[in-house]
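The values are calculated or read from the model by the stated rules, or taken from the named source; none is laboratory data. Values in this document were obtained by computation on a predicted structure and should not be read as measured data. Please note: Cβ atoms are built from the backbone with ideal geometry, for glycine as well, and neighbour counts cover all protein chains shown.
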Amino acid sequence: MKCRYVCVMDVGPRSGQEDCVLVENHVFQEERLTNASSYESDLILMAVCDGMGGHDAGEEASRFVCEKLSGIVDLVDFSGSSLQTIVDLVQTSSADLLPRGSGTTLAGLVVKNNRAIVFNAGDSRVYRIDDRGIVCVSRDHSLVQDLVDKGLITEEEAFNHPYRNVVNFGIGPAFSKAKNKYGLNTYEEDIVGKSVYLVCSDGVTDIMRNDELLSSLGGDPVAAGEKLMAALRKNKLKDNTSYIITEIMQ
């Protein structure tokens, strides 16, 4: 399979970068970054983590998870349940190796044999972009998502909800009890011809609705990587903001 991608990061108004980005086996955690490249591989992997728990702890948690996940390029059992097992092992090891109270969200994509598995924990997201538009194919672990699921608020109300950033689940010691109630969300689909995905932290989705994202990305989303960040900066960044845009072809 062939993969084109661009990953972009901006520390925003924060004092440090608690987001971390994984592409293939490369881990990025920069205050500002634009990295565009392409490669061919039998297995394609990318993820975005948004750390929490204070500057040092959040930065450490997101990088820890990205570095642990980089090893799944050798994944043998390609399935959602296998990914859940791997994330469970990362969660278990985090209890001994990360500061108490730290944690991170996780959103990512792994592709093998023209089959994509989208996965997430927390409110970092994965979107698919095609001729029909843009659609979120991950599912938030959050208070407002629970309210939407119960029909108590609309998607539009969720965008401006005062508790929008309350996360129910993620990876790290902060979520050690939540793992008994929640699990990694996964979604699978085939790659037919060409598929384009956006993987992002909530620094993107907190300030830009889906139609605005689509408008900023235009006809070639990978090429529009810097253009999207310019639009986000114009809207005034509220947080660390990181994303990967990738085009995968058979």
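Some values worked out for this structure:
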{"item": "Unique residue being more than 19 Å from residue 127 (Cβ to Cβ), surrounded by fewer than 17 Cβ atoms within 10 Å (Cβ to Cβ) and acidic (Asp, Glu) when the list is 212, 188, 157, 226", "result": "157"}
{"item": "Residues (closer than 13 Å to residue 195 by Cβ and either part of a strand (DSSP E or B) or modelled with pLDDT of 95 or more (or both)) located in region 111-135", "result": "111, 115, 116, 117, 118, 126, 127, 128, 129, 130, 134, 135"}
{"item": "Among the residues listed as 163, 127, the single one being crowded, with 17+ Cβ neighbours inside 10 Å and among the aromatic types (Phe, Trp, Tyr)", "result": "127"}
{"item": "Residue pairs meeting the criteria (Cβ under 7 Å; at least 6 apart or on separate chains; first within 11 Å of residue 109 (Cβ to Cβ), in region 37-50; second modelled with pLDDT of 95 or more and outside any strand (DSSP E or B))", "result": "47/66; 48/124; 48/201"}
{"item": "Count of region 5-64 residues which are of a type in the set (Ser, Thr, Tyr) and closer than 17 Å to residue 202 by Cβ", "result": "1"}
{"item": "Matching residues in region 12-29 - criterion: being over 16 Å from the mean Cα position of the chain (by Cα) and not polar (S, T, N, Q)", "result": "12, 13, 14, 16"}
{"item": "Qualifying residue in region 45-52 (condition: among the acidic types (Asp, Glu), at negative phi, assigned to a strand (DSSP E or B) and at pLDDT 95 or above)", "result": "yes"}
